[in-house]
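J.: One structure coming up, written as structure tokens, with questions to follow.
The values are calculated or read from the model by the stated rules, or taken from the named source; none is laboratory data. As the structure is a prediction and not an experimental result, all values here were calculated from the model. Cβ atoms come from the backbone with ideal geometry, glycine included; neighbour counts cover every protein chain shown. Note: accessible area is taken over every heavy atom of the protein model, side chains too, but ligands, DNA and RNA are not part of it. Shrake-Rupley method; radii C 1.70, N 1.55, O 1.52, S 1.80 Å.
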Amino acid sequence: NVINEAYRVVRTNLDFMIGANKSEAIMATSLYPGSGKTFTSVNLATAMALKNKKVIVVDFDIRKGTFSKIVNSPSTGVCAYLNGQVSLDDIILPSKTTKLLFDSIPTGHLAELLLSDRLQAMIDELKQRYDYVFVDCPPITMVTDASLIAPHVDRTIFIARAGLIDRRTLPEIDEIY
């Protein structure tokens with residue numbers, strides 16, 4: 001359908017920008033809630049997985065956890081890892097357990113942990129294991145989380161949903177860039 005084809009186009013463009021045989025962490029954020037960050041993360045991850053790439057989606061929207069709800073909101077996730085309570089292997093949900101085409105990591109319980117040194121270690125290790133690491137983040141203007149995560153990823157996809165974003169805010173997005 002049209003939506004699937006649109007994500008295939010984005011997949012092709014990402015592959016062109018990234019280049020061959022390079023692993024990248026890609027963050028999805030927006031100005032507003034409800035823009036489609038999780039929808040985009042899941043669909044891009046699926047499009048990449050269909051190319052037989054190793055893909056993982058990490059839910060860093062710690063306060064809302066929309067993606068975590070898709071995988072039944074396990075209580076152990078990103079927060080437990082960043083707090084040093086578990087290893088990375090303890091929080092990765094393999095695709096066969098979620099019936100998705102890619103692995104995933106839920107948020108777990110809320111904590112103020114994004115300043116942890118383990119955040120960069122987590123992203124680096126995931127990049128060694130996966131071809132694509134999609135990081136689902138909250139809106140950049142709602143909480144500081146996306147701004148804290150941004151320096152640790154290679155690329156940011158900024159979601160601007162038609163009918164939700166006011167064109168007058170586009171200079172604000174350019175300023176954030």
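J.: Provide the per residue accessible area, probe 1.4 Å, for the chain, rounded to a whole number of square angstrom.
T.: In whole numbers, the chain has 53 Å² accessible per residue.
J.: Tell me which lysines have Cα within less than 18 Å of Lys37's Cα, excluding those fewer than 8 residues away on the same chain?
T.: Lys64, Lys69
J.: Give the long-range amide H neighbours of Arg155: residues separated by 5 or more places, or on another chain, with amide H under 5 Å away, using H modelled in the peptide plane at 1.01 Å from N.
T.: Here Ala25, Met27 satisfy the definition.
J.: Further, regarding this structure: Assuming 1.567 mPa s and 4 °C, estimate D for the chain with Stokes-Einstein, Rh taken as the Kirkwood radius over Cα pairs, in µm²/s.
T.: Here the translational diffusion coefficient equals 79 µm²/s.
J.: Then there's this: Considering only DSSP beta bridges with both partners in the chain, what is the antiparallel share in %, to the nearest 5?
T.: Antiparallel bridges make up about 5 percent of those DSSP assigns within the chain.
J.: Taking 8 Å as the Cα distance limit and 6 or more residues as the minimum spacing, I'd like the relative contact order of the chain as a percentage.
T.: 36 percent
J.: Oh, and also: On the protein heavy atoms, probe 1.4 angstrom, tell me the percent of accessible surface of the chain carried by carbon and sulfur.
T.: 52 percent
J.: Explain nothing, just the number: dipole magnitude of the chain about its Cα centre with +1 on each Lys and Arg Cβ and -1 on each Asp and Glu Cβ, in debye rounded to the nearest 20.
T.: My answer is approximately 620 debye.
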